[in-house]
Amino acid sequence: MSPAPRFLGLLGVAGLACTAAEPIDRHPSPKLEDVPAARVTEVRGAGVYRAAGTVRAARRAELSTRVMGRVESVLVRPGDAVRRGQVLLTIERGSLGAAQQQAASALELATTNLRRTERLYGDSAAPLVQLEAARNAHAQAAAQARSVQADLEYADVRAPFDGTVASRMVDPGVLAGPGQPLVVVEDQGAREIVVTGPDELRERLRPGQEVAVSVGAGERRVTARVLAVVPGADPGSPTLEVRLTAAANLSPGLAVVAELPARERSALLVPRSALTQRGQLQGVYLFAPDSTLRLRWVRAGGARGESLEIVSGLQSGDVIALDASKARDGLRARPLLTGGED
């Protein structure tokens with residue numbers, strides 16, 4: 001090989017060695033996907049207090065007796081239909097029978113004495129004061145006889161109206177006392193919703209006012225009207241009992257949550273579509289600083305139109321995916337904010 005070509009070859013190699021190498025990106029950044037987004041907003045307005053309660057019959061009676069005695073028989077079970085005046089439960093009459101005989105004997109003696117005194121007074125053989133004493137004794141004996149007779153009538157606990165036995169609290173042989181609930185009967189007609197809340201809600205509630213109510217585990221939403229607001233009986237824990245209208249097809253005992261108006265406060269709102277549900281957990285997809293979507297668990301409150309209140313888990317200004325069904329955790333994404341936001 002001649003010297004000239006060898007020299008030219010060396011120059012070519014040197015030239016390649018002096019040329020800057022192009023960088024090779026072996027891990028290219030994934031393309032960012034445009035995802036419709038919404039900004040978490042903070043608004044001020046009338047607050048909502050979620051008051052828990054139950055559906056119950058509008059007419060409900062806890063039946064008891066005013067006499068002391070052992071339960072002799074219980075003739076009904078929960079769920080039984082009953083008619084007005086039907087005997088539901090009986091109390092032993094042993095002591096009441098003896099009291100009745102004693103009262104009857106006392107009344108008979110007082111009656112005999114009164115008649116005798118009246119004859120003597122008519123013959124001027126007895127003074128007026130003796131006659132008045134005999135009349136008073138007779139009146140007391142008659143009142144005692146009536147009281148014992150009334151007690152005998154209370155030994156039979158009867159249904160006050162047509163309805164259904166909601167529960168029974170005693171079995172035969174149990175000692176029953178005056179005022180002790182024995183059987184509960186509910187009317188099968190009208191229903192009402194009863195919830196409790198703090199006393200501070202009283203000034204914001206009035207009869208006829210409409211409130212939203214979630215009924216049962218499926219949270220069927222209905223609209224109810226306020227029937228009455230009843231102050232609580234415990235002064236140490238001031239509460240209100242709020243009674244609302246209810247449809248007749250609602251079963252007594254269903255759990256409900258009523259959204260009652262409360263004082264003005266701040267609330268974080270997100271679109272309903274941004275929320276994803278996994279079992280009992282709720283979450284949203286949050287745009288993280290590294291341009292990825294991250295699933296953030298939150299606690300949601302009440303609904304406000306097409307938005308939901310977020311109680312915890314987010315801050316005002318956070319950016320989240322608008323449609324949770326089209327997002328996933330770890331997705332590289334760029335937010336497309338609605339309403340012309342940057």
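Name the pairs: first residue in the stretch 114-139 and surrounded by fewer than 16 Cβ atoms within 10 Å (Cβ to Cβ), second residue at pLDDT 85 or above and polar (S, T, N, Q), Cβ to Cβ under 7 Å, at least 6 apart or on different chains?
From the stretch 114-139, the pairs are Gln130/Thr117.
Consider the stretch 295-337. How many of its residues are within 16 Å of Arg272 (Cα to Cα) and not in a strand (DSSP E or B)?
11
Can you name the condition, by its number, that Pro178 falls short on among (1) over 24 Å from Gln102 (Cα atoms); (2) outside any helix (DSSP H, G or I); (3) open to solvent by 40 Å² or more (accessible area, probe 1.4 Å)?
So Pro178 meets the others, but not (1).
Please enumerate the residues belonging to the stretch 22-65 that are surrounded by fewer than 11 Cβ atoms within 10 Å (Cβ to Cβ) and either modelled with pLDDT of 90 or more or of a type in the set (Asp, Glu) (or both).
Within the stretch 22-65, Glu22, Asp25, Asp34 meet the criteria.
Return the residues of the stretch 209-220 that are modelled with pLDDT under 85 and part of a strand (DSSP E or B); say none if nothing qualifies. Full working, then the answer.
First, pick out the residues of the stretch 209-220 that are modelled with pLDDT under 85: 216-220.
Answer for the stretch 209-220, where residues must be modelled with pLDDT under 85 and part of a strand (DSSP E or B): just Arg220.
Could you please find all residues in the stretch 208-228 being surrounded by fewer than 18 Cβ atoms within 10 Å (Cβ to Cβ) and of a type in the set (Val, Ile, Thr)?
Val222, Thr223, listed by residue number.
Report whether or not Arg299 is closer than 21 Å to Val43 by Cα and basic (Lys, Arg). Step through it out loud before you land on a result.
Values: closer than 21 Å to Val43 by Cα: yes; basic (Lys, Arg): yes.
Here the answer is yes, as Arg299 does meet what is asked.
Considering only the stretch 47-112, give the strands (runs of 3 or more DSSP E) lying wholly within it that have at least 2 residues that are free of Cβ contacts under 8 Å to residues at least 60 places away in the same chain and under 44 Å from the mean Cα position of the chain (by Cα).
Values: elements: 60-63, 69-74, 87-91.
Of the strands (runs of 3 or more DSSP E) lying wholly inside the stretch 47-112, none has at least 2 residues that are free of Cβ contacts under 8 Å to residues at least 60 places away in the same chain and under 44 Å from the mean Cα position of the chain (by Cα).
Taking the stretch 317-342 on its own, how many of its residues are open to solvent by less than 70 Å² (accessible area, probe 1.4 Å), touching a helix residue (DSSP H, G or I) at 6+ places or on another chain (Cβ under 9 Å) and either free of Cβ contacts under 8 Å to residues at least 60 places away in the same chain or farther than 16 Å from Arg39 by Cβ (or both)?
The qualifying residues number 1.
Can you tell me which residues in the stretch 181-203 are crowded, with 16+ Cβ neighbours inside 10 Å and out of contact with any Gly (no Cβ under 8 Å at 6 or more places or on another chain)?
Once the filter is applied, which keeps residues that are crowded, with 16+ Cβ neighbours inside 10 Å and out of contact with any Gly (no Cβ under 8 Å at 6 or more places or on another chain), the stretch 181-203 yields Leu182, Val183, Val184, Arg191, Glu192, Gly197, Leu201.
Does Glu259 satisfy the condition of being over 18 Å from Ala38 (Cα atoms), of a type in the set (Asp, Glu) and surrounded by 12 or more Cβ atoms within 10 Å (Cβ to Cβ)? Spell out how you get there, then give the answer.
On the way: over 18 Å from Ala38 (Cα atoms): yes; of a type in the set (Asp, Glu): yes; surrounded by 12 or more Cβ atoms within 10 Å (Cβ to Cβ): yes.
When the stated conditions are applied, Glu259 passes them.
Is there any pair with a first residue in the stretch 271-297 that is over 16 Å from Ser312 (Cβ atoms) and a second that is open to solvent by less than 70 Å² (accessible area, probe 1.4 Å) and of a type in the set (D, E, K, R) whose Cβ atoms are under 9 Å apart and which are 6 or more apart or on different chains, and what are they?
Cβ pairs passing all conditions: Pro271/Asp323; Ser273/Asp323; Phe287/Asp318.
Does any residue of the stretch 142-157 turn out to be closer than 30 Å to Gln188 by Cβ and acidic (Asp, Glu)?
yes
So, Ala17, is that one at pLDDT below 65, farther than 30 Å from Arg146 by Cα and surrounded by fewer than 17 Cβ atoms within 10 Å (Cβ to Cβ) or not? Give the derivation first.
On the way: at pLDDT below 65: yes; farther than 30 Å from Arg146 by Cα: yes; surrounded by fewer than 17 Cβ atoms within 10 Å (Cβ to Cβ): yes.
Spelling it out, Ala17 is indeed at pLDDT below 65, farther than 30 Å from Arg146 by Cα and surrounded by fewer than 17 Cβ atoms within 10 Å (Cβ to Cβ).
I need the full set of residues from the stretch 113-166 which are of a type in the set (Ser, Thr, Tyr) and either in a helix (DSSP H, G or I) or at negative phi (or both), in order please. Spell out the reasoning first.
To start, the set of residues in the stretch 113-166 that are of a type in the set (Ser, Thr, Tyr) comprises 117, 121, 124, 147, 154, 164.
Within the stretch 113-166, Thr117, Tyr121, Ser147, Tyr154, Thr164 meet the criteria.
Of the numbered conditions (1) at pLDDT 90 or above; (2) within 21 Å of the chain's Cα centre (by Cα), Asp162 fails exactly one; give the number of that condition.
(2)
Which residue pairs have Cβ atoms under 8 Å apart, sit 6 or more places apart or on different chains, and have a first residue in the stretch 240-254 that is open to solvent by less than 70 Å² (accessible area, probe 1.4 Å) and a second that is polar (S, T, N, Q)?
These pairs meet every condition: Leu240/Thr196; Glu241/Thr196; Val242/Thr196; Pro252/Thr54; Gly253/Thr54; Leu254/Thr54.
Condition (residue is of a type in the set (D, E, K, R) and within 14 Å of Arg56 (Cα to Cα)) applied to the stretch 190-197: is it met by at least one residue?
Narrowing the stretch 190-197 to residues of a type in the set (D, E, K, R): 191-192.
In the following step, the residues that additionally are within 14 Å of Arg56 (Cα to Cα) were identified as 191-192.
So far as the stretch 190-197 goes, yes, one or more of its residues are of a type in the set (D, E, K, R) and within 14 Å of Arg56 (Cα to Cα).
Identify all residues within the stretch 295-316 that are more than 23 Å from Ala51 (Cα to Cα) and surrounded by 15 or more Cβ atoms within 10 Å (Cβ to Cβ); write none if there are none.
Passing the criteria: Leu295, Arg296, Leu314.
The values are calculated or read from the model by the stated rules, or taken from the named source; none is laboratory data. On a predicted model such as this, the values are computed, not experimentally measured, just so you know. Neighbour counts run over all protein chains shown; Cβ positions are idealised from the backbone, glycine included. All accessible areas refer to the heavy atoms of the entire protein, side chains included, with ligands and DNA or RNA removed. Shrake-Rupley method; radii C 1.70, N 1.55, O 1.52, S 1.80 Å.
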